[in-house]
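Trainee: My structure is below; once you've seen it, I'll send some questions.
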């Protein structure tokens, strides 16, 4: 009885907290609209930089023959660089064709070499440049599930140093932590924490667009929200997302509320026995889940999210 009461109390507190945040922050995410352009480096804090771009039409590798075009400009994953007196700790590396440009942009802010590469997850727009980095003799550190996903999809450049729950790199008097907080976008999502700067790189756990769950890669929409909760427990004020502009902690809180709102809307569809085949097209999904008022009806990740909607429906249905 006491356990049931405690769980009910926690559920009530969570609901009230979500309601407060939904009032404090706009429900709709005002997603940045990108313009065509080359890769660029931006300072986030002293000794911490983000490398964004290149900014291309259609997708993160540009327009492809017979490929989809959502009319938006896209960019590969955001790369972070923590510069220390003894060298650079790099987080992610984009596609193989981007690596040389990433390193050139890095040289514009420091002459020091890259000493370690850390992976936020295994997806190609974030980490398929790993093989190029390995050829330079640089160690790659990642969660064990990231390495397993590299091997599963036969992607070159699998990390050569792995961890289970947490790890840390100490270089030039600077500590950078790797934290595995649980499943979300994939089953290997790693938060890179810079404790001296109160900053994190969250990979695709947080992006400037709608969240995408890679079910084949071990992701879960329900666990995703729990993992964001754990992320919010970290002492940070600045977040580098997997894609897009640098965010505040409050913006991450608002992101979580949007995700919970979308999950609840899917639960409502399941409760009302709305058939899964009424969610097959983007137009149907936009209407049934009210994506417009979340700002996710035509974000840079919306078309990447759509193919997983059937498994999303099944996950919510199975958890009833």
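Trainee: With labels modelled as points extended 7 Å from the Cα through the Cβ direction, what inter-label distance (nm, one decimal) is found for residue 107 paired with residue 230?
Mentor: 4.0 nm
Trainee: Quick one: Debye curve from the C-alpha atoms of region 31-106, no solvent, what's log10 I(q)/I(0) at q = 0.27 Å⁻¹?
Mentor: After summing over all Cα pairs, the log10 values are -1.26.
Trainee: So how tilted is helix 249-271 from the main axis of the chain? Cα-based, degrees 0 to 90, rounded to 10.
Mentor: 40 degrees
Trainee: May I ask for the distance between the Cα centers of region 178-203 and region 217-237, given as a whole number of Å?
Mentor: 9 Å
Trainee: Cα atoms only: what Rg and Dmax, in Å, come out for region 117-222?
Mentor: 13.4, 39
Trainee: Counting alpha carbon pairs within less than 8 Å and at least 6 residues apart, what relative contact order, in whole percent, applies to region 260-318?
Mentor: 44 percent
Trainee: Averaging sequence separations of C-alpha pairs under 8 Å and six or more residues apart, then dividing by the length of the chain, give the relative contact order as a whole percent.
Mentor: Worked out over the chain, it gives 14 percent.
Trainee: Helix-derived [θ] at 222 nm for the chain: sum -39500 (n - 2.57) over DSSP H runs of at least 4, divide by residue count, nearest 500?
Mentor: -10000 deg cm²/dmol
Trainee: Continuing with the same structure: On the principal axes of its Cα set, how long, how wide and how thick is region 260-318? Give whole Å, largest value first.
Mentor: 29, 20, 16
Trainee: Can you tell me the relative contact order of region 171-278? Whole percent, Cα pairs under 8 Å, sequence separation 6 or more.
Mentor: 24 percent
Trainee: Another question, then. Could you give the angle, 0 to 90 degrees to the nearest 10, between helix 221-232's Cα long axis and the longest principal axis of the Cα atoms of the chain?
Mentor: Once rounded, the angle reads 60 degrees.
Trainee: Let me ask another. Using the alpha-carbon atoms, what tilt in degrees (0 to 90, nearest 10) does helix 309-318 show relative to the longest principal axis of the chain?
Mentor: The helix 309-318 is inclined about 60 degrees to the chain.
Trainee: Using the count of nearby Cβ atoms within 10 Å as a rough guide to exposure, how do 308, 120 rank from fewest to most?
Mentor: 308, 120
Trainee: Taking square-rooted eigenvalues a ≥ b ≥ c of the alpha carbon gyration tensor, is region 63-169 rounded, prolate or oblate, where a/c under 1.5 means rounded and, failing that, a/b exceeding b/c means prolate?
Mentor: Oblate, since a/c reaches 1.5 and b/c is not below a/b.
Trainee: Hey, what's the per residue convex hull volume over the C-alpha atoms of the chain, in cubic angstrom?
Mentor: Convex hull of Cα atoms, per residue: 142 Å³.
Trainee: Contour minus end-to-end for residue 283 and residue 45, with contour as 0.36 nm per residue of separation and end-to-end as the Cα-Cα distance?
Mentor: On the way: separation 238, 0.36 × 238 = 85.68 nm, distance 4.07 nm.
Difference between extended and current length: 81.6 nm.
Every number in this text was worked out from the coordinates using simple rules, so none of it is lab data. Just so it is clear, the model here is predicted, and its values are computed rather than measured. Note: ideal-geometry Cβ built from the backbone for every residue, glycine included; neighbour counts use all protein chains shown.
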